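I have placed the structure first, in the form of structure tokens, so that the comments after it can refer back to it.
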Amino acid sequence: MSSTTTENYILSYLEHCKNHKNLDAKTISAYRIDIKQFQAFCSDINLCEATASTLENYISHMHAKFKPKTMKRKIASLKALNEYTVC
């Protein structure tokens, strides 16, 4: 998935969150940040190539920076994206 395709995919997912899940604008903004942080963490691969190991490394890395409540949301953001994914 190219960077343009990845960006379009993320935008499509966030639109889905807005229009079909009826999520609040602040929640969508937080999801956008969460997904972008994950994307930056695994910049050498595209989102569809992320493995369980990649996610575990990301979560371990981020636990050092954020409080547990924030980490729960970040994990939830990625789980929801994974459910939306058609990779």
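Distance distribution P(r), the chain, all Cα-Cα pairs, bin width 5 angstrom from 0: 3, 13, 26, 28, 18, 11, 2 percent. Put a dot 7 Å past the Cα of His61, heading toward its Cβ, do the same for Ile45, and the two dots end up 1.2 nm apart. Phi angles of the stretch 11-21 translate, via the Karplus equation with coefficients 6.51, -1.76, 1.60 and θ = phi - 60°, into HN-Hα couplings of 4, 4, 5, 5, 5, 4, 4, 6, 8, 10, 9 Hz per residue; Gly and Pro are given as x. Structure remark: mean-square fluctuation, Gaussian network model of the chain, C-alpha springs under 10 Å; the largest value among Thr51, Thr27, Thr70 belongs to Thr51. Under a cut-off of 14 Å between alpha-carbon atoms, report the aspartates and glutamates in cross-link reach of Lys79, not counting same-chain residues fewer than 8 places apart. Partners within reach: Asp34, Glu56. Taking the chain as a Gaussian network of alpha-carbon nodes connected by springs under 10 Å, the highest mean-square fluctuation of the residues Ser53, Ser12, Ser43 belongs to Ser53. Computed on the chain, with alpha-carbon pairs under 8 angstrom and 6+ residues apart, the relative contact order is 33 percent. Evaluated with a Cβ-only charge set (Lys, Arg +1; Asp, Glu -1), the chain carries a dipole of roughly 560 debye about its Cα centre, given to the nearest 20.
Read-outs throughout are calculated quantities, based only on the coordinates presented, and are distinct from any laboratory measurement. Just so it is clear, the structure is predicted and the values come from calculations on it, not from any experiment. Reconstructed Cβ throughout: ideal geometry from the backbone, glycine too, with neighbour counts over all protein chains shown.
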